[in-house]
Structure formats: structure tokens, C-alpha cells
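Before any comments, here is the structure.
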Amino acid sequence: MIEFYPQIKMLHVTTVVASGSLFLLRGLTLQAGEWGRWAMAAPVRYLSYSIDTVLLTAAFMLLTILPTAVYANGWLATKLVLLVVYVGLGTFALKRGRTKRVRLACFVAALATYATMFAIARTHDPLGPVRLLLA
Amino acid sequence: MNNAKRLWIGLTVLLAVSFGVLLWTGGEIHRKAPPMPETVVTEDGTVVFTRADIEQGRQVWQSIGGQQLGSIWGHGGYVAPDWTADWLHREAVATLDAWAREGYAVDDFASLLPEEQAYLSRRLQDRIRLNTYDADTGTITIDADRAAAMAEVAGHYDRLFGADAELGDLREAYAMKNDTVPDAAHRASLAAFYWWSAWAAVTERPGKEITYTNNWPAESLVGNEPPASAYLWTVFSVLFLIAGIALLGWHHARSGEEERPDKLPESDPLAMTVVTPSMRATAKYFWIVIALFLVQILLGAMTAHYQVEGQELYGFAISDILPYSLTRTWHTQLAVLWIATAWLGTGLYIAPAISGHEPKFQRLGVNLLWVCLLVIVVGAFAGQWLAVMQKLGLEHNFWFGHQGWEYVDLGRFWQWFLFIGLGLWLTLVGRALWPALRRRNESRPIVVLLFLSTVAIGLFYGAGLMWGEHTHLSMVEYWRWWVVHLWVEGFFEVFATAVIAFLFTRLGLLKVSTATVAVLFATIVFMAGGVLGTLHHLYFAGTPTAVLALGASFSALEVVPLAYIGFEAWHTYKLGHATPWMARYRWPILFFTAVAFWNLVGAGLFGFLINPPLPLYFMQGLNLTPLHGHTALFGVYGMLGVGLMLFCLRGMKPAAEWSEPVLRTCFWSLNIGLAGMALMTLLPIGVLQLIAAIKHGYWYARSAEFMQQPLIDLLVWMRVPGDVIFSVGAMALAWFVARLWIAPRKPAPVGAAGQETARS
Ligand code: HEM
Ligand SMILES: [Fe+2]
């Protein structure tokens, strides 16, 4: 399957961007109040599930075809931990947060987590974001 | 004469004629089957194989899982090659290579000029297709060149089924364990059997220009191409299908709207059902259904994984303890077993409910049958494990080990046990129903019809007892499809229609007279194509051309009722909303709607895709077959099993509140997961294989060379998301059932306004 590495990786990155953008849009509309219903409409939710399923599938494919040495410094483990945090914050930002303030805080925190994960993934380094900031 | 009576007579006549013709065809298959030679000798008299070799070879083949590991004449598993096509190709290439070396002083056949290749290939065709079987002496005579080529191929098989290190990669590609057959003498006889299957595939019938297998498999080196009859009957079968659709459309147009009951019940009539002790005892049938279903999925995942890593599971040498052949055997067998268990439970649950009569010792019988089923599953599976691990020996394999016939792999002892178990089931259902069967009221006909379809399901398993240990391969295939085909495309369809219509009459939503006529009519339509349609599995199983003609024509008619299944689905769905309290049955009804959907897609479309002789000539044993198998078997009968189970659980726990999100997850995950697996993996691989088979011959589409391409590997991986979603659905179902017993939700009112699930 390594023959398809470039395609799978592109799929993964594309869906990462799509997933993040959709989250951003949903979070913003929700904050905007009036349009908030749109963010949780069934088609939008299902679109989001579908994108994330494709994203994760591609991720698992990459995981199985790359040599394990690539993950030696722990960047992937860090990213996965952050993924859980991101998902948790995300549900609070869109659904579970009781007040508008909580939802907003979670939304901002989730976006920050997303950005951190993005940086870690690009640099293949758990301290990637720091390095990017210092560079 | 009233309408129903006319239909009963019509059905009886139809069944008598169809089964008469089917039995006659069986006789023809028996008479025209490829002969088993007493000896295979070379021109100078050296004995190459004897009948005993070939027969023992078949036993060895059965003991390692038979059709579960690779296939013969296109029937069987999909990861290892089709041994018939593989042998044929290897023997042809070995001969041609030898001739190229001798006559042209080149390394091999491939190095020759095209016209030289054409010349040699033509020479090969003339020799290899020639029928040298002498019926009087029972000998097949072969020339020295052929004997040499056969020895070479036999050597390859000896190394492949042993532990030769050089062929390790090939074994991995085929998902075969090392030392699949540890005994060298057994490997030699296995080769004799494979050779015989290839001999039948390439030898022309006396006085004809087609081989015993109607020229199957496609192989240009030996001149195997689709016979004229395949083209002819393909076209005719499409014609019959269109004609059938037109005819049934006309009938529907003419018969118009059905009568509805004058007054719909105010509240759920079944909520008042008294749950008797024997009915309550069926709960454990449904627990077992869940357990078997989950195990089946796990084994399916392992079987699929073997396609990627032939011997290991993430570094663990799994094939040493649970080889592919076993995971596939159990996966396919559990499919039938859990679905059957769901139906058995349903029958036992509804019989006393219908008649309002709890016979003496009924509960004891229900419990006893349940224990028997467990013993059968555990015992039969243990025997199969011992067989495939080659610990059982050949002597007891047929009775207690692995018969190797896909879907009827149980050892004969366990087959008998199951048959008796089915008899016990019919007795239990019959005696509980008895008062209702005798009562001369208006609901009697539909009860009778439902009961007859269950009797047929039980009895027809008996066809699986018709062959013996050494019965001719063609005849075993004939009887095997009596069980598998007549079940799924005959009596199961009837049972599905009857049981759903019946449940609606019990709910007071359908008039019994209307339902009876509709079910009788549907039965006639299903049986008209279904009985002789059996022969569509036997086009290339060493059978005469009549089989191809009859099979293609009648099986096309099977698709006719499926083309109108949308009516059925809409009808079901509408009845699901007929009264407010029907919301209690929202999920069983949705599963019944899914049954209709997959009947159209899985059975109708994907079934017809592979059904006419010309397509099947190339497609059988390619991934298009499991495409149809999965979407039809799970899609139709799996969904029906789940729907029926939910229906019974509704009655068994009338007051329980059903968790909407859990059931929604279950329903949609099962459907989307099934579609994902079918569309992301099985369909694309199948199409790629089809192109390969048409272009390069059937052997190539099944070869390691083809199946190990990166693209195929990728497509196999693509089923992971679908499979995961599907598993989530199964786990949601398990969770739902468990919660009915463990810490159930608080009860909700039952009456006219039973709104507990009407949140939609
Ligand atoms: C709900 C009904 C049906 C079920 C459950 C069902 C199930 C199956 C199964 C399990 C197989 C064996 C697949 C394998 O070997 O892996 C099979 C084979 C086949 N089915 Fe069906 N089937 C149904 C209806 C139909 C219909 C309506 C047609 C077409 C008219 C059809 C045509 C075929 C053919 C031609 C094969 C043979 C493939 C071969 O020889 O390899 N089936 N079916
Ligand atoms: Fe069939």
C-alpha cells in the first residue's frame, strides 16, 4: 500500500483541513446566535461524521504503512492525546456547554488545540509548535 | 371456486411440475457427469493415478476445509486460487514450455514469436481437449508429454501444501498455513483430485465441442471460451425477465387497491398477549443470536485480515491455531446459524401466542432444543477444528470433521443432529399451534401457510443428507444447492413474506383474507422462478446444457417479484404509521423495510449481475459473488432476523421503554456499514477481477500475481470503515438487548396513547 502513500496522505490532510474548517464554521454560526440552528442541523452533523470517518481511516492507513521508527519521538502519541482533548472541547463548544460563555471558551480552546496538533503533525515533533514560534 | 382456493391449486400444480423437472434434471446430471476413471495411464501403460487416488484426494481436500480454501469449479473461497483453473493453467504452461525448449531452443513459451505460440497452443488444444476416456475399461490414456507436465504441477502442489520455504510467499498470498497437509501421501492424492477437476474442465464431452464443465474456466491456451449456449441463454434470460416484469405489472394494475380492515384497533392488540412460560423461555434464543452474531463478525474481520496478512495477525502467528479455512468456515456457518436461531426463537415465541394454548412440557422442549443447538454448534466446530488442523485423520472426517461443502460443512453426524433438532422445533411449534390450525375461523389459512413454510424449511435441510462420502462431485453440488438455494431463494422468501403479513394481521392492520391471497400469490411467484432457478448454481458443475438453459430462464424470473418490492416496502412503512400505537413497533418495521431494500439491491440487482450464464462464466468466484452473498444474506435474512427478534422482544417485555438512540445507531450503522463494505471493497475488486478474467483468463483474476497488487491491497483496506460502522451497529444491538434485562429503563404506559417511542 506504500505505493499510494502520497494519495492517502493528501486525503488525510484534505480531510483534516475540511474537518477543521467545518468546525470553525459551525462554531462561528453558533456564536452568531440567530443562525445557530444551522450548525446542529442533521445534514451538517452527518457531513461532519463522514469527513471525520474518512480522516481517521486515512490516518490508520498511514499508521499501518509507515515504518514505526517514524513515530519514535512520540509526536503521534501527543497528537492522539490532543485529539481526545480537541473532541472533548468540541462537543462542549457545540453542544454540551451550558452557557454561551462556556461554549465560547471551549470553542477558542478547541481551535487552539487544533492549531497545536496541526503544528505537531507538520514538524513531526511533540514540541513542534514551540519550535515554530521560536523560528 | 374462490380466489384463495384457485391459488392453492395453482401452487400445488406448480410445485409438483417444478420439482418433477428438477428431479429429472438431477437424473440427467447424474447420467452426464464427468466420469471418474478407474486408472489414468500413459500410452506405454504406466499408471499415473487410480480412482482410489482421486477419491482419497477429495477426502483430503474436504478435510482441509474443501470449498472454504480456494475453490473447485468456481465454488468456494476467494483468497486462494480456483484449484481447477490454477491446475489447468499450470499444466498448459508446463507443456508449452517443454515444447518451446525442445522445438525452438528457447527458455520458455513466453519467449516465442506470436505465430509460434499460436501454433503450439493449437497443438496443445487438439491434444488436451481430446476425450480419451474408455468407458469399458474405465481408463483415461495420456501421452508422455502430458504426464511430464502433470508431474511438474503435482510437484508444485506437493511443495505448496507442505512447508517448502521457497513457496512461503505464495502460501502467504493464499492465506494457507504452512503444512496445510503435512502427510506427503495425502498431498499426492490431493494433486490427483485437482487434476481430475481440471481434466473435466478441459476434456470435450463425447461427440461434442464443449467440455464437461461447459468450457469453464476461461483459458485461451487450451481453447476454453464461453460456449454458444451461454450467449444464447443470457439473452433469453434477460428477455424472460422483462416479460415477467411486464406480466406482473399488468397483474398489479388489474388487481387494484386492497381492502383495509373497517376499523383499526384502538390499542396494540398484542400488548395484552399473555406471555406463557415457554414463550418466556425463548429469551435465551435471542441472547444466543446476539452472541453468535458478534462472534461471526469477529471471525469475518479475521477472514478479511487474512487477505492482507496471509498468516499473521499483527505479528501473531494466528494461522497456526486458527487458519483462514476455519475462520471462513465458521464465519459462513454462523451466519446461517444465528439467523436460523432468530427464526427458531420467533416460531417458538409466536406459536402459543397465536393459539393461546400452552401445551404440557412445552417449556421443557424449548429448553431442550436450546441445549441441543449449543451442543451442535460446539461439537461441530470442534470437529472442524480437529479436521483442518489435520488431527482427525480421514476415516472419521466425513461424520465428525469438516465436509468442506460451503454452507453445509457440518460433519454428517452433526447434520443429522441438526435435522432432528429442526424436527423437534417443528413438533414444538406444531403442537402449540394445533388449536389454531384446527379452528375453522378466518385466520386459519394464513396460519397454515406460515406453518407450511416453516415445515418446508425444516424438511429441505434433509436434502443435505442425500449425498455420501464418495458421491460424485456434480451430484453433491446438485443436492447442496437444494439446501442452500431452495432455502434462500425459495422457502425463506416465502417465510419472510408470510411472517410479515401475518404479524400485520395479528396487529389488526391487515384483513386476513387479503393477506392470505397476497401471500399465496407471492408464494406462487417466488416458487415459479425459485425451484428450477436452483440450476443457476450448476451451469459449470459438470452438467449438460439443459441445466444452463433451465437455470438461466427460471432464475431470471426470481428477480421479477423483487423488481416490485418497492410496493411491499411502502406498504410495510405505511402500516407502520397506521395507528399511534404502531410507534411501539417502529424499529421492527424499519428492519422489515430494510429487508425489502436489500432484497432489491442485494438479491435482485447484485444477484442478477452474476446470474446469466455469460456473466457468471467469468464472475463466479470473483469478489462479485460475495458482493451478492453479503448484501443478500445479511441484507435480507439478517435484517429479517433482527426485525423478528425485536418484534418478539416487544411482546416479551411489553412495558419496557426502548432506547431510541441505541436502536437508531444500530439500524443505520448496520445498513451503512453493509453498503460501505459492498461498495468500497467487494464491488471495485470484483470489477477489476472481471476485467482481468475476460482479458487474461479466469486463473489470472484469482492468481496471487493479481490479488497482491497494491491497488487490491488498498481496496481491501477500504472495507475497514464500513466494517467498523457495521460492528458498531451490532454492538448497539447487543447493548439494547442486554439493557432489556440488565437495569431496564423505567416502564412506560402501553395504552392507546403509548407514545414512548413516538418522538420522531
Ligand atoms: C435473498 C435472497 C438471496 C440470498 C440470501 C442469496 C445468497 C447467496 C449466497 C450466500 C451465495 C453464495 C455466495 C458465495 O459462494 O460466497 C449465492 C450465490 C448465488 N446467487 Fe444468490 N441469494 C439470493 C438471491 C439470489 C437471486 C434472486 C439471484 C438471481 C436471480 C441469485 C443468484 C446467485 C447466483 C448466480 C449465485 C452463484 C454464484 C456462484 O456460482 O459462485 N441469488 N447467493
Ligand atoms: Fe440461487
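Give me D for the range A:72-135 in µm² s⁻¹, whole number, from Stokes-Einstein with Rh from the Kirkwood sum over alpha-carbon pairs, 37 °C and 0.692 mPa s.
269
What average count of beta carbons from other chains do you get within 10 Å of the Cβ of residues in A:50-56?
Per residue, the average neighbour count from other chains is 2.
In debye, nearest 20, what is the charge dipole magnitude of chain B about its Cα centre with +1 on Lys and Arg Cβ and -1 on Asp and Glu Cβ, if you could check?
Rounded to the nearest 20 debye, it is 4420 debye.
Can you compute the helix-only [θ] at 222 nm over chain B? Use -39500 (n - 2.57) per DSSP H run of at least 4 residues, normalise by all residues, nearest 500 deg cm²/dmol.
That calculation yields -21000 deg cm²/dmol at 222 nm.
Report ³J(HN,Hα) in whole Hz for each residue of the range A:65-78, in order, from the Karplus equation J = 6.51 cos²θ - 1.76 cosθ + 1.60 where θ = phi - 60°; Gly and Pro get x.
8, 8, x, 4, 4, 4, 9, 4, 7, x, 5, 5, 4, 4
Post the alpha-carbon centroid distance, the range A:91-135 to the range B:38-111, in whole angstrom.
63
Let me check I've understood the local charge: for B:G604, count other residues with C-beta under 14 angstrom from its C-beta, Lys and Arg +1, Asp and Glu -1. What total comes out?
Charge balance in the 14 Å sphere: -4.
By the gyration tensor of its Cα atoms, with a ≥ b ≥ c the square roots of the eigenvalues, what is the shape of the range B:1-73: rounded for a/c under 1.5, prolate for a/b over b/c, or oblate?
prolate
Which distance in Å, rounded to a whole number, links the C-alpha centroids of the range B:305-321 and the range B:456-485?
33
Please give the peptides B:49-58, B:23-32, B:494-503 ranked by average Cβ packing (other Cβ atoms within 10 Å per residue), highest first, as a rough proxy for protection.
Ranking, from highest mean packing down: B:494-503, B:49-58, B:23-32.
Whole Å is fine, so just give me how far the alpha carbon centre of the range B:547-592 lies from that of the range B:123-202.
47
Send over the semi-axes of the protein assembly as shown's equivalent ellipsoid, whole angstrom and largest first, taken as the square roots of 5 times the C-alpha gyration tensor eigenvalues.
Three semi-axes, in Å: 47, 40, 25.
Can you return the lysines within cross-link range of A:K100? Criterion is Cα-Cα under 30 Å, with same-chain partners fewer than 8 residues away left out.
Cα-Cα hits under 30 Å: A:K79.
Determine the order of B:Y617, B:Y314 by accessible area, beginning with the largest, at a probe radius of 1.4 Å.
Per-residue accessible area, sorted high to low, gives B:Y314, B:Y617.
Okay, which of the range B:507-534 sit inside 18 Å, backbone N to the point 7 Å along the Cα-Cβ direction of B:K5?
Inside the label zone: B:513-514, B:516-518, B:520-521.
According to the square roots a ≥ b ≥ c of the eigenvalues of the Cα gyration tensor, what is the shape class of the range B:240-381, taking rounded for a/c under 1.5, prolate for a/b larger than b/c otherwise, and oblate for the remainder?
The shape class here is oblate.
If you stretched the chain out fully between B:L264 and B:T427, how much longer would it get, using 0.36 nm times the residue separation minus the C-alpha to C-alpha distance?
Full extension from B:L264 to B:T427 adds 55.3 nm.
Hey, could you get me the Stokes-Einstein D for the range B:479-521, Kirkwood radius over alpha-carbon pairs, 25 °C and 0.890 mPa s, rounded to whole µm² s⁻¹?
220
In whole Hz, what ³J(HN,Hα) sequence does the range B:302-311 give by Karplus (6.51, -1.76, 1.60; θ = phi - 60°), x for Gly and Pro?
Per-residue couplings from phi come out as 5, 4, 5, 5, 4, 6, 9, 10, x, 10 Hz.
Cα to Cα, under 18 Å, and not fewer than 8 places away if on the same chain: which aspartates and glutamates meet these conditions relative to B:K574?
Answer for B:K574, where 18 Å is the Cα cut-off: B:E257, B:E258, B:E259, B:D262, B:E266, B:D268, listed by chain and number.
What does the charge count near B:H305 come to, summing +1 for each Lys or Arg and -1 for each Asp or Glu among other residues with Cβ under 14 Å from its Cβ?
Residues close to B:H305 contribute a combined charge of -3.
What is chain B by shape, rounded, prolate or oblate, if you read a ≥ b ≥ c off the alpha carbon gyration tensor as root eigenvalues and call it rounded for a/c under 1.5, prolate for a/b larger than b/c, and oblate otherwise?
prolate
Accessible area drop of at least 30 Å² (1.4 Å probe, protein heavy atoms): which residues of the range B:705-724 qualify, relative to the chain alone?
Those residues are B:P710, B:L714, B:W717, B:P721.
Can you run phi through the Karplus equation (6.51, -1.76, 1.60; θ = phi - 60°) for the range B:344-354 and list ³J(HN,Hα) in whole Hz, with x for Gly and Pro?
These are the phi-based 3J(HN,Hα) values: 4, x, 4, x, 5, 6, 7, 4, x, 5, 5 Hz.
Work from the charge dipole of chain B (Cβ charges, +1 for Lys and Arg, -1 for Asp and Glu, about the Cα centre) and give the residue of B:F460, B:A496, B:G508 farthest towards its positive end.
Sorting the options by dipole projection puts first B:G508.
Under 5 Å between amide hydrogens, which residues at least 5 positions from B:E309 or on another chain qualify, with H placed 1.01 Å from N in the peptide plane?
none
Order B:683-692, B:3-12 from most to least packed using the mean count of other Cβ atoms within 10 Å.
With the highest mean Cβ count within 10 Å placed first, the list reads B:683-692, B:3-12.
In degrees, nearest 10, range 0 to 90: what is the angle between the Cα axis of helix B:83-104 and the longest Cα principal axis of chain B?
Result, in degrees: 20.
If you wrap a convex hull around the C-alpha atoms of the range B:505-658 and split its volume per residue, what is the figure in Å³?
113
Hey, can you grab everything whose amide H is under 5 Å from the amide H of B:N224? Only 5+ residues off in sequence or another chain; H modelled, so Pro and N-termini drop out.
B:E219
For B:E477, B:E43, give the ranking by accessible area with the largest first, probe 1.4 Å.
Descending accessible area places them as B:E43, B:E477.
Work through the residues other than B:E406 whose Cβ is under 13 Å from its Cβ and net out their charges, Lys, Arg +1 and Asp, Glu -1.
Combined, the nearby Lys, Arg, Asp and Glu give 0.
Pull up all non-local amide H partners of B:I142: gap of 5 or more, or a different chain, and H-to-H distance under 5 Å with H placed in the peptide plane.
B:V41, B:T42, B:E43
Can you tell me which lysines have their Cα less than 27 Å from the Cα of B:K5? Leave out same-chain residues fewer than eight positions away.
Answer for B:K5, where 27 Å is the Cα cut-off: B:K263, B:K511, listed by chain and number.
The values are calculated or read from the model by the stated rules, or taken from the named source; none is laboratory data. If you're wondering where the values come from, they're calculated on a predicted model, not measured in any experiment. When we count neighbours, we look across all protein chains shown, and the Cβ atoms used for this are built from the backbone with ideal geometry, even at glycine. The area values use the complete protein model at the heavy-atom level, side chains included, leaving out ligands, DNA and RNA. Shrake-Rupley method; radii C 1.70, N 1.55, O 1.52, S 1.80 Å.
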